[in-house]
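The values are calculated or read from the model by the stated rules, or taken from the named source; none is laboratory data. No experiment lies behind these values; they were computed from the predicted model shown. Neighbour counts run over all protein chains shown; Cβ positions are idealised from the backbone, glycine included.
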Amino acid sequence: MRIVVTRNVPEAAVELLRGAGQVHVCERDQALDPAELREVVAGADGLVTMLGDQVDGAVADAAGSQLKVVANVAVGYDNLDVPALAARGVTVTNTPGVLTDATADLAFALLLMATRRLGEAERLIRSGEPWFFHLGFMLGTGLQGKTLGIIGLGEIGQAVARRARAFGMRIAYSGRRRVAADVESELDARYLTRDELLREADVLSLHCPLTEQTRHLIDAAALATMKPSAVLVNTSRGPVVDEAALAEALRAGRIAAAGLDVFEQEPAVHPGLLELENAVLIPHLGSATVETRTAMAELAARNVVGVLTGNGPVTPVEA
Ligand code: GLV
Ligand code: GLV
């Protein structure tokens, strides 16, 4: 069996993969362009992919009809054309669960940075400008009693909600469907329509997958519905937010601040955002801990091994 890994992954994962076949790792840290990708996958039975690798029917065809599994080292899989792969009999897997806490921690870090103006504060100290403690100095907003609005109360959304509860926040959410009653009652979470949520949230945090339905979910109209004091946090996928509309809303004070881990055209960031003190900008670090990245790569490897040895995938994506 030939297994192709599109970028460097922790050695523990490569070791696991060697149990199922010959492993070819593209030893670089950047996504391959479509032509390079089609070239390296030739003859692959299994493929380990990452954010930025666009795997569609053409890539599967370039691999050949023996291709059985594409294992994405991410919980999001908007970079994969799942129907096209399923139509070719290819199993698709992702890495749910293992990155829930790391991503929720990062979302909460962005929430705190944005509400307490910590990026701006750090830049102030480093600028060498004089500063002194006074009662009106760099005031942010407190969290206690405020409403955290969550779009997409899945595993990560729930983990963010638990953190927010510990900070004394109230939880409201919207999404395609209501979560189980016991989850709602544990989090004391109210299910609202999206419009109600936009109107009520003091902090709005996005935890939905990127799909055709969620692309530009937060557009100029949504931003105009939010409170002028509201803070937006995005650790999901960049295109869920219309970045140009967000830059304009932040500039005009239509919302107070934003904390962003993801961008529409990564690694590019809308130039309008770079100029703003009230935008906290982080380079897609949601799952970036040693423990989590290792667990993600190992889970992807176990998915490949499971499919190629006939034992079945661990965490398949529904086609
Ligand atoms: C990272 O963004 C992921 O989807 O795991
Ligand atoms: C602030 O530093 C305080 O002591 O209240």
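Values as computed for the structure displayed
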item	result
Residue selected from region 303-312 under the condition more than 26 Å from Thr100 (Cβ to Cβ) and either of a type in the set (S, T, N, Q) or in a helix (DSSP H, G or I) (or both), by the criterion farthest from ligand 1 (Cβ to nearest atom)	Thr309
Members of region 245-269 found to be more than 19 Å from the chain's Cα centre (by Cα) and loosely packed, with under 15 Cβ neighbours inside 10 Å, listed by number	Arg251, Ala252, Gly253
Considering residues of region 210-231 that are over 18 Å from Gln265 (Cα atoms) and touching a residue at least 60 places away in the same chain (Cβ under 8 Å) only, the residue surrounded by the most Cβ atoms within 10 Å (Cβ to Cβ)	Val231
Lone unmet requirement of (1) surrounded by fewer than 11 Cβ atoms within 10 Å (Cβ to Cβ); (2) in a helix (DSSP H, G or I); (3) not aromatic (Phe, Trp, Tyr) for Gln144	(2)
Residue satisfying condition, being out of contact with any Pro (no Cβ under 7 Å at 6 or more places or on another chain), of a type in the set (A, V, I, L, M) and within 16 Å of ligand 1 (Cβ to nearest atom), within set Val90, Val4, Val40, Val98	Val98
Which listed residue, of Ala104, Ala114, is more than 30 Å from Ala63 (Cβ to Cβ), away from ligand 1 (no atom under 16 Å from the Cβ), among the aliphatic types (A, V, I, L, M) and in contact (Cβ under 8 Å) with a residue 40 or more places away in the chain	Ala114
Filter pass, Ser287 being assigned to a strand (DSSP E or B), in contact (Cβ under 8 Å) with a residue 12 or more places away in the chain and among the hydroxyl-bearing types (Ser, Thr, Tyr)	no
Complete set of residues in region 124-161 that are in contact (Cβ under 8 Å) with a residue 40 or more places away in the chain and either touching a Cys at 6+ places or on another chain (Cβ under 9 Å) or of a type in the set (D, E, K, R) (or both)	Lys146, Ile151, Gly152, Gly154, Glu155, Gly157
Among (1) within 16 Å of ligand 1 (Cβ to nearest atom); (2) of a type in the set (A, V, I, L, M, F, W, C); (3) touching a Pro at 6+ places or on another chain (Cβ under 8 Å), the one test that Met50 misses	(3)
Members of region 270-302 that are in contact with a helix residue (DSSP H, G or I) (Cβ under 7 Å, 6 or more places away or on another chain), among the acidic types (Asp, Glu) and more than 16 Å from ligand 1 (Cβ to nearest atom)	Glu277
Thr315 vs. criteria in contact with a Leu (Cβ under 7 Å, 6 or more places away or on another chain), within 16 Å of ligand 1 (Cβ to nearest atom) and of a type in the set (S, T, N, Q)	yes
Inter-residue pairs, beta-carbon under 7 Å, first within 13 Å of Val59 (Cα to Cα) and touching a residue at least 24 places away in the same chain (Cβ under 8 Å) and in region 20-47, second assigned to a loop (DSSP other than H, G, I, E, B) and acidic (Asp, Glu), 6+ apart	Leu32/Asp53; Leu37/Asp53
Pick from region 60-81, criterion among the aliphatic types (A, V, I, L, M) and farther than 24 Å from Pro10 by Cβ, ranking: farthest from ligand 1 (Cβ to nearest atom)	Ala62
Selected residue (only one of Leu112, Leu106 is closer than 30 Å to Leu47 by Cα and at pLDDT 95 or above)	Leu106
